[in-house]
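**Student:** Let me give you the structure first, and then I'll get to my questions.
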Amino acid sequence: MNIAPKKSLGQNFLRAPAVARSMAGTACPNGDEIVLEIGPGDGMLTDALLLRAKKVIAIEKDARLIAPLKTKYAREIKSKKLTLIEGDALLESAGRCVGAKQYVVAANIPYYITGAIIRHLFSEKVKPKRIVLLVQKEVAERILARKSKPFDSARGKESILSISVKAYGVPRMIRKVPAGAFHPKPSVDSAVIAIEHIRAPFSTRKEEERFFAVLKRGFAHKRKLLRRNLGISGEMLSLSGIPPDARPENVQFAQWLLVSKISA
């Protein structure tokens with residue numbers, strides 16, 4: 001397939017089979033998974049997923065790629081091992097596309113829609129069992145709240161993105177991916193992360209909306225003390241096990257959940 005990546009869509013096609021195999025193995029540890037692949041591009045990850053998954057549903061926004069993908073995977077499409085959908089993953093219901101009670105998501109996505117894709121998937125009535133993403137390394141670090149240097153398990157600062165992810169699942173690092181693994185070569189390195197143990201932590205939509213309203217308010221001024229951002233007393237904050245002088249970046253998800261209940 002000889003189609004140039006489209007800069008306006010943030011496309012950087014993966015050129016490292018080992019990375020694709022690692023992603024497929026993480027997404028499909030049992031071999032009986034139904035996978036929603038977002039943005040198959042020219043098929044590097046799709047190839048690996050087809051070797052591991054029970055079925056792959058690939059959704060591609062770039063209309064230029066649909067015909068070449070149909071040609072490349074004519075046999076898999078005919079056998080229904082692969083379903084190819086032309087559409088925008090941010091506008092489509094993942095559960096409806098997959099039509100399954102249990103599914104996993106695998107994707108190499110542009111950095112500028114990473115947060116939007118994650119929020120969209122977590123908003124699904126039927127949430128994916130597992131999400132495996134190839135993202136910009138800096139974004140991976142923010143999600144895991146790790147220090148940029150060294151790139152290890154050292155705790156860094158929490159953010160709205162990291163707490164939003166940890167509200168629904170448990171993120172973990174899979175591997176680093178150098179910039180040279182892509183075409184065209186981006187200016188920064190990337191990383192593969194998995195979000196697992198995905199759950200529905202809120203009993204009602206109102207509780208969910210309240211949590212994120214408090215989270216947004218709490219991070220309004222990161223350098224200020226959390227109690228000042230939220231307009232509550234240090235004594236009230238202590239009820240959630242949080243020191244009165246805590247800043248929002250030092251507060252964990254479980255504590256945010258308690259804060260959202262006492263400060264609403």
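**Student:** What are the pairs with Cβ atoms under 8 angstrom where one residue, in the range 97-123, is in the same structural domain as ARG21 (by TED's automatic domain parsing) and more than 19 Å from GLU60 (Cβ to Cβ) and the other, located anywhere, is part of a strand (DSSP E or B) and modelled with pLDDT under 90? Sequence gap at least six, or different chains.
**Tutor:** none
**Student:** From the list ALA107, ALA89, ALA140, which one is among the small types (Gly, Ala, Ser), buried (at least 22 other Cβ atoms within 10 Å of the Cβ) and over 12 Å from the mean Cα position of the chain (by Cα)?
**Tutor:** ALA89
**Student:** Looking at ILE57, ILE66, ILE38, can you tell me which residue is within 19 Å of GLY87 (Cα to Cα) and over 19 Å from the mean Cα position of the chain (by Cα)?
**Tutor:** Answer to the check: ILE66.
**Student:** May I ask you to list the residues in the range 72-86 that are basic (Lys, Arg) and surrounded by 11 or more Cβ atoms within 10 Å (Cβ to Cβ)?
**Tutor:** Residues satisfying the conditions are LYS72, LYS81.
**Student:** Would you check which residues across the range 246-262 are part of a loop (DSSP other than H, G, I, E, B) and in contact with a Gly (Cβ under 8 Å, 6 or more places away or on another chain) and list them?
**Tutor:** Passing the criteria: only VAL251.
**Student:** Being crowded, with 20+ Cβ neighbours inside 10 Å, among the charged types (D, E, K, R) and at negative phi narrows it down to one of LYS206, LYS129, LYS166, LYS176, so name that one.
**Tutor:** Step by step, each of LYS206, LYS129, LYS166, LYS176 is checked, and only LYS166 is crowded, with 20+ Cβ neighbours inside 10 Å, among the charged types (D, E, K, R) and at negative phi.
**Student:** Would you check which residues across the range 190-211 are more than 23 Å from VAL19 (Cα to Cα) and part of a loop (DSSP other than H, G, I, E, B) and list them?
**Tutor:** Within the range 190-211, ILE198, ARG199, ALA200, PRO201, PHE202, SER203, THR204 meet the criteria.
**Student:** Being crowded, with 17+ Cβ neighbours inside 10 Å, in contact (Cβ under 8 Å) with a residue 40 or more places away in the chain and more than 22 Å from the chain's Cα centre (by Cα), is that true of even one residue in the range 217-229?
**Tutor:** yes
The values are calculated or read from the model by the stated rules, or taken from the named source; none is laboratory data. All figures in this text were calculated on a predicted structure; none of them were measured in a lab. Note that we place each Cβ from the backbone using ideal geometry, even for glycine, and neighbour counts take in every protein chain shown.
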